[in-house]
Amino acid sequence: MIILIAGCSHTGKTALAQKLMEQYHYPYLSIDILKMGLIRSKTISATVQEDEKLTNQIWPILQQMIKTAIENEQNMIIEGCYIPFQWQSSFEKSYLKHIRYYCLIMTQQYIHTHMQDIKKYANIIEKRIDDSYYTKEMLLKENALNLYLCKKYHLNYILIDQEYKINIQLSPK
């Protein structure tokens, strides 16, 4: 089974992937780590700020990794911002039945009420050098857009509203 965890920055994708890895012993891949390896090695021509360009360059690689894992009956968790909302069109039906997608989305109310906690937990897994640029306005805008796109493409999403509680149960193979 392939688990895709998407969402904008600061929604807890990496923390959820870590939790699932510990619970189910599935390996996980942080797209941010892959991205930085590709950028630092100059394998791709993009900067950290070029999200659309990064998605266009990284997704074809991830797509083939996912197909290979499915063909080899391997489990994997992949988390990050660079999973396109039309990701399903990258796979034939025989692959789709082995992929679960979850997009983490914070509501406006949650962001307004918990912004201090969101910033506080930003470094729970990954150590961010500086995320002072990431404002409440950005978080509100990006989460609203992700909710709109999840609905548009009929994608599974987890709405974080009153409190931050995410519990994903994976069925055994």
Note to self: I'd like the residue in region 60-83 that is at negative phi and open to solvent by less than 20 Å² (accessible area, probe 1.4 Å) and, out of all such residues, is farthest from the chain's Cα centre (by Cα).
What the structure shows: Ala69
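For region 11-24, check the following and say yes or no: at least one residue is in a loop (DSSP other than H, G, I, E, B) and within 21 Å of Tyr157 (Cβ to Cβ).
Within region 11-24, one or more residues are in a loop (DSSP other than H, G, I, E, B) and within 21 Å of Tyr157 (Cβ to Cβ).
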Check: For Ala144, which of the numbered conditions (1) small (Gly, Ala, Ser); (2) modelled with pLDDT of 90 or more; (3) open to solvent by 80 Å² or more (accessible area, probe 1.4 Å) fails to hold?
Finding: (3)
Margin query: Pairs please, first residue from region 42-66 and within 22 Å of Met1 (Cα to Cα), second anywhere and not in a loop (DSSP other than H, G, I, E, B), Cβ atoms under 6 Å, 6+ apart in sequence or on different chains.
Written below: Gln63/Ser90; Ile66/Ile2
Check: Within region 67-83, is even one residue in contact with a strand residue (DSSP E or B) (Cβ under 6 Å, 6 or more places away or on another chain) and in a helix (DSSP H, G or I)?
Finding: yes
Next item on the list: Please work out which one of (1) open to solvent by less than 60 Å² (accessible area, probe 1.4 Å); (2) assigned to a helix (DSSP H, G or I); (3) hydrophobic (A, V, I, L, M, F, W, C) is the condition Ile33 fails and give its number.
Entry: (1)
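The values are calculated or read from the model by the stated rules, or taken from the named source; none is laboratory data. Please read all numbers here as calculations on a predicted model, not as lab measurements. Positions of Cβ are backbone-derived with ideal geometry, glycine not excepted, and every protein chain shown enters the neighbour counts. Just the protein is used for accessible areas: all its heavy atoms, side chains included, with ligands, DNA and RNA removed. Shrake-Rupley method; radii C 1.70, N 1.55, O 1.52, S 1.80 Å.
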